[in-house]
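Colleague: After the structure tokens below, expect a handful of questions from me.
The values are calculated or read from the model by the stated rules, or taken from the named source; none is laboratory data. Since the structure is predicted, the reported quantities are computational estimates derived from the model, not experimental observations. Note: ideal-geometry Cβ built from the backbone for every residue, glycine included; neighbour counts use all protein chains shown. What goes into the accessible areas is simple: the full protein's heavy atoms, side chains included, and nothing from ligands, DNA or RNA. Shrake-Rupley method; radii C 1.70, N 1.55, O 1.52, S 1.80 Å.
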Amino acid sequence: SDHMENIYGYLMKYTNLVTGWQYRFFVLNNEAGLLEYFVNEQSRHLKPRGTLQLAGAVISPSDEDSHTFTVNAASGEQYKLRATDAKERQHWVSRLQICTQHHTEAIGKNNPPLKSRSFSLASQGSANSPGLQRRPSQNAVSFFNVGHHRLPAGKRVPIMQPDHLVDVREMMSQAEGQQRDLIRSIECLPVSGHLTSLDQDLLMLKATSMATMNCLNDCFHILQLQHASQQKGSLPTGTTISWLEPKISLANHFKNGAAQNFPAEINKPASVREEQSIAEPCQLTREPEEIDPDEELEDICDDKEDDLGAVEEQRSVILHLLSQLKLGMDLTRVVLPTFILEKRSLLEMYADFMSHPDLFIAITNGSTPEERMIRFVEYYLTSFHEGRKGAIAKKPYNPIIGETFHCSWRMPRSDVAADAGSTFSAPPPSEQVTLPKDTEGQAELDYYTVKFVAEQVSHHPPVSGFYAECVERKMCVNAHVWTKSKFLGMSIGVTMVGEGLLSLLEHGEEYTFSLPCAYARSILTVPWVELGGKVNINCAKTGYSASINFHTKPFYGGKLHRVTGEVKQNMTNTVVCRVQGEWNSVLEFTYSNGETKYVDLTKLSVTRKRVRPLEKQGPFESRRLWQHVTESLRDGDIDKATEHKRALEERQRNEERLRAETETPWCTKYFLKEGDGWVYHKPLWKTVSAAQAQQMDTN
């Protein structure tokens, strides 16, 4: 009861860019569920300058500093507030959250019981039709007339048999369709008038209906696992588990990576049925495929990401999503709205980090260990700008397990910087290595080739492996990344857990490196990306290391996207190079001899990657796998893109359940598990070592 007392006091309120922050007197009216503010305490007896309904609101401490927090009402209105210190912020946030929860729960308790299983909306008519005019006493829940059946008194629920699970799945599919229709009907309502798409009752209805369907799906999964465990040991080889969808015979499952034709569902587009029926390659046929670079063509796809003007239109979608999240919640299993997606997979995004292959190849041309470390830092810091595809925060597709992406770059030898002295000097004859015959012909070409392959090696947790090599320069990079995303209030943070290894075989050097965290800020307005955190680059052989700090913007002043770093020799603790600037604009390198070098990332030439045409790609290569989602996004058809995306994700879930219940381990195609990491199955250092051993035997 103490926590439900009214509280009041001064807080700073952010008004706009011109006015900035202003002190206002705030009153939390617990009984009415209102947050009100006045110009000052003396004007408290007057009409409030502003009022927010707290039922259905989201109260979020800001990750910008320890004093700021936001109140996001279900109506879409937002207050950005600041307390005098962290303790006062916690006091306000706690009381606001308690009040919000109390009045949100009261909505459900005060609504009458739901009686009918059907729902109706007069959405077929015009916005001005009588069906859309609501009487003041009519709440949104009763307007939609959504309900359920009750079992007759004394009637027991029969024990569920395996055959009944098929019927349950069909009923759930119908319910999911009705729930989607319900949400579409709500979103089609006007943004103003008696009944709007931002009505607090409707927002609650959307959130609870989605949560109910998610809960039912989890329960259904538990039933499947129970029956699988009961039947375990009694199933002969090749038995069909008939209650799982799609119905797949174990003996014929995962054949040769080819599409398998399941019974068509009449009410779904052919492309959706195709996405649901592509079978994954089995352990025996998941042999690594050698991609011929000559089959790859220069990429003509230029999917510039549109501004997220749709954010305001989709504000209710984001609000009801936020209402289900808690601070620090892992977002790995949270399905985000389709309209925020980029038109590429995360695996292709990793490839775009290699868009300056000339800087990558130039690393090994450094004449000294010091110069090679500095060149690596230069390449590392220039990779993020092109990989991000603009400032707007959009999310690439989550790769499904077994998904792969291949590409390559061709770089004229004349465009690659030689060492600081003059031209690159070849290693002594004693250190020269004869490469395998299939790579000898490349030495005659007037360009270098950098080949790239990425694979999604794990679904939970989501781990990607990627590998790139330049055979002619005997250099390669191998990395694995686990993307851990968390909800941080008005931001989403993504931690890139993992490690990369750059190998310069001509020098016998290995460089380990990590990746910075990424943040999507201002997710209720126009989201933007910034990088943050400290990363380290180390070369144990030479004793050189680099420490790089990606600075997040402070609340007051400061620049966006700022980065600083230094390269030093560990044995003498001498700093040989300092770097500062912005990772998406201009970088300044200052060397120990006093020289300064500026790199303008906006003017760096980008080398287009080379990709095989869709018709030559395998069914699990990123662009072919996601082609219908990408085409729908290009056409601006969000509903169709969502349908294709859902089909891919549902197929992945079904196949994951099948593997769990049959205890069939997933087998990767290109990457092997080694300790806590993943390593490409045929890295260049193994190829060169084998060639060296063969050469020694010959001598």
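Colleague: Please specify each residue of segment 496-509 satisfying the condition of being under 14 Å from V377 (Cα atoms) and open to solvent by 30 Å² or more (accessible area, probe 1.4 Å).
Modeller: Let us first name the residues in segment 496-509 that are under 14 Å from V377 (Cα atoms), namely 500-502.
L501 - this is the single residue of segment 496-509 that is under 14 Å from V377 (Cα atoms) and open to solvent by 30 Å² or more (accessible area, probe 1.4 Å).
Colleague: Do we find that E472 is modelled with pLDDT of 90 or more and surrounded by fewer than 20 Cβ atoms within 10 Å (Cβ to Cβ) in this structure?
Modeller: Numbers: modelled with pLDDT of 90 or more: yes; surrounded by fewer than 20 Cβ atoms within 10 Å (Cβ to Cβ): yes.
When the stated conditions are applied, E472 passes them.
Colleague: Having 1 or more residues that are modelled with pLDDT under 85 and out of contact with any Pro (no Cβ under 6 Å at 6 or more places or on another chain) is the bar; report the helices (runs of 4 or more DSSP H) wholly within segment 335-432 that clear it.
Modeller: Working: elements: 346-352, 357-362, 369-388.
Fully inside segment 335-432 and qualifying: 369-388.
Colleague: For the condition modelled with pLDDT under 95, under 12 Å from the mean Cα position of the chain (by Cα) and either among the hydroxyl-bearing types (S, T, Y) or farther than 30 Å from P61 by Cβ (or both), what is the one hit in S485, S458? Break it down stepwise before answering.
Modeller: Working: S458 fails: under 12 Å from the mean Cα position of the chain (by Cα).
The match here is S485.
Colleague: Go through segment 510-553 and count every residue that is buried (at least 19 other Cβ atoms within 10 Å of the Cβ), aliphatic (A, V, I, L, M) and at pLDDT below 85.
Modeller: Total meeting the criteria: 3.
Colleague: Yes or no: R624 touching a Gly at 6+ places or on another chain (Cβ under 8 Å), part of a helix (DSSP H, G or I) and open to solvent by 20 Å² or more (accessible area, probe 1.4 Å)? Spell out the reasoning first.
Modeller: On the way: touching a Gly at 6+ places or on another chain (Cβ under 8 Å): yes; part of a helix (DSSP H, G or I): yes; open to solvent by 20 Å² or more (accessible area, probe 1.4 Å): yes.
Taking the combined requirement at face value, the residue satisfies it.
Colleague: Sticking with this structure for a sec: Counting just the residues of segment 561-573 that are open to solvent by 40 Å² or more (accessible area, probe 1.4 Å) and touching a strand residue (DSSP E or B) at 6+ places or on another chain (Cβ under 6 Å), which one comes out nearest to H385 (Cα to Cα)?
Modeller: Quick first cut of segment 561-573, residues open to solvent by 40 Å² or more (accessible area, probe 1.4 Å) only: 562, 566, 568, 570-573.
Narrowing the set further to residues that are touching a strand residue (DSSP E or B) at 6+ places or on another chain (Cβ under 6 Å) leaves 562, 566, 568, 570.
Numbers: R562: 13, E566: 20, K568: 25, N570: 29 Å.
Filtering first and then ranking leaves R562.
Colleague: OK, next. Restricting the first residue to segment 674-699 and requiring it to be open to solvent by 90 Å² or more (accessible area, probe 1.4 Å), which pairs with a second residue that is modelled with pLDDT of 85 or more and acidic (D, E) meet a Cβ separation below 9 Å and a spacing of at least six or different chains?
Modeller: So the pair list comes out as D676/E499.
Colleague: Of everything in segment 633-655, what is over 20 Å from G177 (Cα atoms) and either at pLDDT 90 or above or open to solvent by 60 Å² or more (accessible area, probe 1.4 Å) (or both)? Give them in sequence order.
Modeller: Hits for segment 633-655 are R634, D635.
Colleague: Now for a different question. Hey, any hits in segment 41-63 for a residue that's assigned to a strand (DSSP E or B), open to solvent by 40 Å² or more (accessible area, probe 1.4 Å) and touching a residue at least 24 places away in the same chain (Cβ under 8 Å)?
Modeller: Taking every residue of segment 41-63 in turn, at least one turns out to be assigned to a strand (DSSP E or B), open to solvent by 40 Å² or more (accessible area, probe 1.4 Å) and touching a residue at least 24 places away in the same chain (Cβ under 8 Å).
Colleague: Being over 30 Å from P412 (Cβ atoms), assigned to a loop (DSSP other than H, G, I, E, B) and open to solvent by less than 40 Å² (accessible area, probe 1.4 Å) narrows it down to one of T630, T668, so name that one.
Modeller: On the way: T630 fails: assigned to a loop (DSSP other than H, G, I, E, B).
Within the list T630, T668, the selection yields T668.
Colleague: Follow-up. Could you look through segment 64-102, keep only residues that are among the hydroxyl-bearing types (S, T, Y), surrounded by 17 or more Cβ atoms within 10 Å (Cβ to Cβ) and farther than 22 Å from K553 by Cα, and pick out the one that is modelled with the lowest pLDDT? If you could, list the steps in order and put the result at the bottom.
Modeller: First pass over segment 64-102, keeping only residues among the hydroxyl-bearing types (S, T, Y): 66, 68, 70, 75, 79, 84, 94, 100.
Okay, now just the ones that are also surrounded by 17 or more Cβ atoms within 10 Å (Cβ to Cβ), so 68, 70, 75, 79, 100.
Those left that are additionally farther than 22 Å from K553 by Cα: 75, 100.
On the way: S75: 76, T100: 87.
Looking at residues that are among the hydroxyl-bearing types (S, T, Y), surrounded by 17 or more Cβ atoms within 10 Å (Cβ to Cβ) and farther than 22 Å from K553 by Cα, I get S75.
Colleague: T15 passes all but one of (1) over 27 Å from L488 (Cα atoms); (2) at pLDDT below 90; which number fails?
Modeller: (1)
Colleague: I would also like to ask the following. Do we find that L28 is surrounded by 14 or more Cβ atoms within 10 Å (Cβ to Cβ), of a type in the set (A, V, I, L, M), modelled with pLDDT of 90 or more and closer than 13 Å to Y79 by Cα in this structure?
Modeller: On the way: surrounded by 14 or more Cβ atoms within 10 Å (Cβ to Cβ): yes; of a type in the set (A, V, I, L, M): yes; modelled with pLDDT of 90 or more: yes; closer than 13 Å to Y79 by Cα: no.
For L28, the condition - surrounded by 14 or more Cβ atoms within 10 Å (Cβ to Cβ), of a type in the set (A, V, I, L, M), modelled with pLDDT of 90 or more and closer than 13 Å to Y79 by Cα - is not met.
Colleague: Those residues that are more than 20 Å from the chain's Cα centre (by Cα) and closer than 22 Å to T404 by Cβ, I need them from segment 634-655; list them, please.
Modeller: Listed by number, the residues that qualify are N654, E655.
Colleague: Residues to consider are F69, F26; find the one that is under 27 Å from L560 (Cβ atoms) and either in contact with a His (Cβ under 7 Å, 6 or more places away or on another chain) or not assigned by the TED database to the domain that holds K553 (or both). Let's see the steps before the verdict.
Modeller: Working: F26 fails: under 27 Å from L560 (Cβ atoms).
None of the other options fit; the residue is F69.
Colleague: Considering only segment 593-607, how many residues are surrounded by 10 or more Cβ atoms within 10 Å (Cβ to Cβ) and out of contact with any Asp or Glu (no Cβ under 9 Å at 6 or more places or on another chain)?
Modeller: Going through segment 593-607 one residue at a time, the tally reaches 1.
Colleague: Just one of (1) modelled with pLDDT under 80; (2) in a helix (DSSP H, G or I) trips up G177, so point out which.
Modeller: Result: G177 fails condition (1) only.
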